[in-house]
Amino acid sequence: MATDRSVADVLQDILRNVQDILRSEVRLAKAEIRQEATQAATAALWMTIGVVGLLSAWMFLLWTAVYALATVLPLWAATLVIGVAVACAGGTGLTAGLRRFTRMKPMPERTIESLQENLEWMKQPTK
């Protein structure tokens, strides 16, 4: 009877350890997903800045067309230069945001790697 009880205790300990490992993996996955969400928010902010810059450039380009029709040279040339400069700034911000999005990893790699290690460990024969 004593050996039955100790085997049951060992099995319960193993079950508790497996549960602890799985809980740890879930916590790791949550942390990785939180980190990815933060990176996505930063990339979205840069894209928003880029879009605002491009919309501002569009406004200046429209003003350029108006001034080009109203007067013939100096005023529209100045607004065209400003419009091009704002478009370059907006394009730079948008490119920076897109680059950040492409660097993001869609899967929680560290969690997957850790789970694979744990599976390999569990497959090892015990003595």
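Summary table
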read-out	value
From V52, V86, V81, V18, residue being in a helix (DSSP H, G or I), more than 20 Å from R103 (Cα to Cα) and in contact (Cβ under 8 Å) with a residue 60 or more places away in the chain	V18
Whichever residue in segment 28-46 is polar (S, T, N, Q) and without any contact (Cβ under 8 Å) to a residue 60 or more places away in the chain and, among such residues, is nearest to M107 (Cα to Cα)	Q35
So V18, is it within 28 Å of E113 (Cβ to Cβ) and either at pLDDT 90 or above or of a type in the set (A, V, I, L, M, F, W, C) (or both)	yes
Residue list for segment 35-64, restricted to those being surrounded by 11 or more Cβ atoms within 10 Å (Cβ to Cβ) and not hydrophobic (A, V, I, L, M, F, W, C)	Q35, E36, Q39, T42, T48, G50, G53, S56, T64
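The values are calculated or read from the model by the stated rules, or taken from the named source; none is laboratory data. Keep in mind it's a predicted model, so treat the numbers as computed, not measured. Note that we place each Cβ from the backbone using ideal geometry, even for glycine, and neighbour counts take in every protein chain shown.
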